[in-house]
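Read through the structure below, which is laid out as structure tokens, and then see the notes.
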Amino acid sequence: MELHFQSLTLLLLIAAVVAMLTRRLRLPYSVGLVTAGIVLATLPFAPNIQLTKELIFTALLPPLLFEAAYCIPWNLLRRDFSVIVVLATLGVLLSACITAAGMHYLAKWQWISALIFGVLIAATDPVSVIATFKEARAQGRLLVLIEAESLFNDGTAAVAFGIVVALASGQLLTSLAITAMLLKTIVGGVLCGVVVALGALLLAGRTDDHLVEITFTTVAAYGSFLLADLFGLSGVLATITAGLVMGNFKLFNAISGQGEEAVLAFWDYAAFIANSLVFLLIGMHEARQNFAAIWLPAVIAIVLVTLGRAVAIYPCCFLFSHSSLRVSAKHQHILFWGGLRGAVALALALGLPPTLPLREDIIAISFAVVAFSVFVQGLTMAPFLRRMGEIPR
């Protein structure tokens, strides 16, 4: 069923109340929303909303990606760009391999199912990560590393997921074909983001009406994603690129001073709405999962995903240990434990072909890993940051 106006109104009311309560109780907003979603699912008047890949990817993810990218200063991103790229590529692949091998040998899954699960669950979710760290008031280099890595490794996982699913569907892909697909998807997605963002900036420069300027940023956020998706490119990377360009490339002062304030306020609110709906819907669908039937592979998966995150962070950061880009041990520990999973992994799992072996198990276990991320990592993240001295006690 589509997200009808009545259902949307109810969810927004719940989100607003939860936001007030979690602030007073000093709990992570995401934890409160997922809990509220679980409770809501048990009530007789609960809206029947299907959490689908299309709903997450085309409606809720673009504003979250765009807002996060728009607010990242390019000068800070450029300084740590090498570290972020290594974490978002090599780190994701290492994590995926650890999880896939473990699910094959320990849970006795077929290789193709294990590989697909390993890839889709490898990337940390920008929705979960950014929300948690902003609520915890993390600042400085750590916040840039966390935000940028979670944004870019999401794109890596989505691209790798497409290749593995193509292999699972029986397509014969040579190493040359895989390389070409990677280049096309990544470079094409980035180019889409640049073209759409520059076009929006050029048009925005012809007006000083802040409402029109907001409209152009909205067109850039969704337009870049949809255009890239239309051509089989990475919509995630397109939207991230569009956000970075519009937030940092001041073409002829295209967005006025008043417009800049209005744009930031609008996207802050848009991210709040999308974030609220994502976590409420995750909670509602968590309530419908029968975790008792898959508890053993779910526990195995949680352990493997946590181990995979450790392998993704510590060896990759070690590569920069003798350079000016060295990541402190404290920040490595935070990057490791801050590797939350969320809506992106679920969207990829829900979009799996119906004929894929163990499809339902992959979806259920993905929900279990996300539940662990939200309730265990989410609840302990702020105390952990305080212990590490990153936020005030």
Residue that is under 25 Å from VAL376 (Cα atoms), open to solvent by less than 60 Å² (accessible area, probe 1.4 Å), at pLDDT below 90 and not in a helix (DSSP H, G or I), where the choices are LEU51, LEU27: LEU51
Residue within the stretch 236-249 that is in contact with an Asp or Glu (Cβ under 6 Å, 6 or more places away or on another chain), assigned to a helix (DSSP H, G or I) and open to solvent by less than 10 Å² (accessible area, probe 1.4 Å) present: yes
Filtered residue count, the stretch 153-169, keeping only those that are more than 18 Å from ILE362 (Cβ to Cβ) and surrounded by fewer than 24 Cβ atoms within 10 Å (Cβ to Cβ): 1
Filter result (farther than 21 Å from LEU120 by Cβ and either open to solvent by 60 Å² or more (accessible area, probe 1.4 Å) or aliphatic (A, V, I, L, M) (or both)) within the stretch 170-194: LEU172, THR174, SER175, LEU176, ALA177, THR179, ALA180, LEU183, VAL187, VAL190, LEU191, VAL194
Among (1) assigned to a loop (DSSP other than H, G, I, E, B); (2) in contact with a Phe, Trp or Tyr (Cβ under 8 Å, 6 or more places away or on another chain) - the single one GLN171 does not satisfy: (2)
The one condition in (1) over 19 Å from the mean Cα position of the chain (by Cα); (2) assigned to a helix (DSSP H, G or I); (3) touching a residue at least 40 places away in the same chain (Cβ under 8 Å) that VAL92 fails to fulfil: (1)
Hits in the stretch 84-113 (condition: open to solvent by less than 20 Å² (accessible area, probe 1.4 Å) and closer than 17 Å to LEU319 by Cβ): ILE84, LEU87, ALA88, GLY91, VAL92, SER95
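Residue-by-condition table, conditions (1) in contact with a helix residue (DSSP H, G or I) (Cβ under 6 Å, 6 or more places away or on another chain); (2) under 14 Å from PHE225 (Cβ atoms); (3) modelled with pLDDT under 95; (4) not basic (Lys, Arg):
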{"position": "ALA59", "(1), (2), (3), (4)": "no, yes, yes, yes"}
{"position": "LEU76", "(1), (2), (3), (4)": "yes, no, yes, yes"}
{"position": "LEU87", "(1), (2), (3), (4)": "yes, no, no, yes"}
{"position": "GLY91", "(1), (2), (3), (4)": "yes, no, no, yes"}
{"position": "ILE98", "(1), (2), (3), (4)": "yes, no, no, yes"}
Residue in the stretch 290-305 that is within 22 Å of the chain's Cα centre (by Cα) and open to solvent by 30 Å² or more (accessible area, probe 1.4 Å) present: yes
Selection status of THR9, polar (S, T, N, Q) and surrounded by fewer than 16 Cβ atoms within 10 Å (Cβ to Cβ): yes
Some residue of the stretch 364-386 being touching a helix residue (DSSP H, G or I) at 6+ places or on another chain (Cβ under 9 Å) and over 29 Å from ILE38 (Cβ atoms): no
Criterion: assigned to a helix (DSSP H, G or I) and farther than 23 Å from ALA16 by Cα - qualifying residue of LEU264, LEU226: LEU226
Some residue of the stretch 315-322 being out of contact with any helix residue (DSSP H, G or I) (no Cβ under 7 Å at 6 or more places or on another chain), free of Cβ contacts under 8 Å to residues at least 12 places away in the same chain and closer than 30 Å to ILE38 by Cα: no
Filter result for ARG309 (open to solvent by 40 Å² or more (accessible area, probe 1.4 Å), on the phi < 0 side of the Ramachandran plot and among the basic types (Lys, Arg)): no
Selected residue (criterion: nearest to ARG137 (Cα to Cα)) from residues of the stretch 30-48 that are at pLDDT below 90 and of a type in the set (A, V, I, L, M, F, W, C): ALA46
Restricting the stretch 30-48 to residues that are closer than 25 Å to LEU379 by Cα and not hydrophobic (A, V, I, L, M, F, W, C), the residue that is most open to solvent (accessible area, probe 1.4 Å): THR42
Test: residue in the stretch 215-229 that is touching a Pro at 6+ places or on another chain (Cβ under 9 Å), aromatic (Phe, Trp, Tyr) and surrounded by 15 or more Cβ atoms within 10 Å (Cβ to Cβ): yes
Selected residue (only one of ARG386, ARG309 is under 15 Å from LEU145 (Cβ atoms) and assigned to a helix (DSSP H, G or I)): ARG309
From the options GLY162, GLY223, residue that is closer than 25 Å to LEU350 by Cα and either at pLDDT 95 or above or in contact with a Lys or Arg (Cβ under 6 Å, 6 or more places away or on another chain) (or both): GLY223
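The values are calculated or read from the model by the stated rules, or taken from the named source; none is laboratory data. Given the structure is predicted, the values throughout are model-derived calculations rather than measurements. Every residue, glycine as well, gets a Cβ built from its backbone with ideal geometry; the counts of neighbours run over all protein chains shown. Remember, those area values only see protein heavy atoms, side chains included, never the ligands or the DNA or RNA. Shrake-Rupley method; radii C 1.70, N 1.55, O 1.52, S 1.80 Å.
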